[in-house]
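I have placed the structure first, in the form of structure tokens, so that the comments after it can refer back to it.
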Amino acid sequence: MKITVFGLGYVGSTLAVLLSRQHDVFVLDKNEQLVDAIRNDRSPIGDAKMEECLQKEALNLFTPKEVAEAVDGADYIFIATNTQLDPEAGILDISSIHRVMESVISSYDKSAPPVIVVKSTVPTGFTEDLKRRYPEFDFLFCPEFLREKTAMEDVLNPSRIIVGYDETSTNGKSAAEKLGAAILSCVDDSSTPLLYTSIPEAESIKLFANSYLALRLSFFNELDTFATVRGLDSSLIIKGVCLDPRIGDYYNVPGPGFGGKCLPKDTRQLIADFDNAEVPELVIRAAVEENELRKEFVAEQES
Ligand SMILES: NC(=O)c1ccc[n+]([C@@H]2O[C@H](COP(=O)([O-])OP(=O)(O)OC[C@H]3O[C@@H](n4cnc5c(N)ncnc54)[C@H](O)[C@@H]3O)[C@@H](O)[C@H]2O)c1
């Protein structure tokens, strides 16, 4: 199969290396240095495990100079470009995805349009909007759950593979199943759970998963703030709380407040999605507000 990946950041580069174990993968990034890194068997994200794969495995990874070479005849085109939070609008900026679609439109084989797979995190309903705008393509949404520190390792050993497809499209289900099988054939564990959903369900899975993680961090941060003010040992309280198997002893270490590229923006996007759907929302908003309180508390403690 010929697969094209736009974007060579954490998500695109790990995906490209994974899929090139079994398929012909063509990579593109507007930052030519990242493409050069792949050309020279170096990881564009400085990931040691990726470098090991690039140098030791027989990968079918190509770095074309022209977009047309990458897009023409592709079976699947992945979009793994950045979607930062627009601080003024309070929602994700998805303009990079439209830029990619413009490149695809000018180069694809009209007799056999590729299936477009959105891998970037997007607002719920966004991929269906893309389909309305570009009706000549089938779209899938395939969320990514990697952690940046262990990006390649996580992509080789994912907790699950989710593929969202358009149930109203004649080819949607078969395109999703072919992709699911293609990904499964490349990961280290062939018994990795594979779940097919509608596109907005797959988009929601990504945002709700990250919002749950944010919520959990806010909970343990709040516990720690309480313990600190009362002069109690928070680690003992956490240990006692987490011995309950329904709670579990993981993802429970208090810190200065959640940050990074994903949790702040995905929580805010999900709140915006609740607002757009006019569904009352309290829990995720509370996690975000607690995060601000926590940052202030830690800063005061340190001053
Ligand atoms: N980093 C993570 O931990 C993580 C995890 C899951 C999902 N995501 C989501 O996946 C998406 C990508 O994240 P990332 O961390 O890989 O981002 P990144 O910023 O590391 O990489 C994105 C890449 O896309 C390239 N790009 C932008 N526009 C382009 C265009 N028109 N053509 C070609 N290349 C273009 C940029 O140059 C950049 O190298 C985001 O939506 C993010 O929210 C990220």
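Residues in the stretch 210-247 that are within 24 Å of the chain's Cα centre (by Cα) and either acidic (Asp, Glu) or surrounded by fewer than 17 Cβ atoms within 10 Å (Cβ to Cβ) (or both): TYR212 only. Being open to solvent by 20 Å² or more (accessible area, probe 1.4 Å) and within 10 Å of the chain's Cα centre (by Cα) is the filter here; which residues of the stretch 122-148 pass it? GLU144, PHE145, LEU146, ARG147, listed by residue number.
For every residue, the table says whether it meets (1) away from the ligand (no atom under 14 Å from the Cβ); (2) crowded, with 16+ Cβ neighbours inside 10 Å; (3) in the same structural domain as ASP273 (by TED's automatic domain parsing); (4) within 26 Å of ALA175 (Cβ to Cβ).
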{"position": "ASP36", "(1), (2), (3), (4)": "no, no, no, no"}
{"position": "SER43", "(1), (2), (3), (4)": "no, yes, no, no"}
{"position": "GLY46", "(1), (2), (3), (4)": "no, no, no, no"}
{"position": "GLN55", "(1), (2), (3), (4)": "yes, no, no, no"}
{"position": "PRO64", "(1), (2), (3), (4)": "no, no, no, yes"}
{"position": "VAL71", "(1), (2), (3), (4)": "no, yes, no, yes"}
{"position": "GLU102", "(1), (2), (3), (4)": "no, no, no, yes"}
{"position": "ILE105", "(1), (2), (3), (4)": "no, no, no, yes"}
{"position": "SER120", "(1), (2), (3), (4)": "no, yes, no, yes"}
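Determine which member of the set ALA112, ALA151 is open to solvent by less than 10 Å² (accessible area, probe 1.4 Å) and either among the hydrophobic types (A, V, I, L, M, F, W, C) or within 12 Å of the chain's Cα centre (by Cα) (or both). Show your work before the answer.
On the way: ALA112 fails: open to solvent by less than 10 Å² (accessible area, probe 1.4 Å).
Only one candidate qualifies: ALA151.
Pairs meeting the criteria (first residue in the stretch 264-287 and open to solvent by 70 Å² or more (accessible area, probe 1.4 Å), second residue within 16 Å of the ligand (Cβ to nearest atom) and of a type in the set (Ser, Thr, Tyr), beta carbons under 9 Å, at least 6 apart or on different chains) are ASN276/THR124; VAL283/SER211; ARG285/THR267. Annotation: GLN84 fulfils all but one of (1) open to solvent by less than 20 Å² (accessible area, probe 1.4 Å); (2) at pLDDT below 95; the unmet one is (1).
The values are calculated or read from the model by the stated rules, or taken from the named source; none is laboratory data. Since the structure is predicted, the reported quantities are computational estimates derived from the model, not experimental observations. For neighbour counting, all protein chains shown are included, and Cβ atoms are generated from backbone atoms with ideal geometry for every residue, glycine included. Remember, those area values only see protein heavy atoms, side chains included, never the ligands or the DNA or RNA. Shrake-Rupley method; radii C 1.70, N 1.55, O 1.52, S 1.80 Å.
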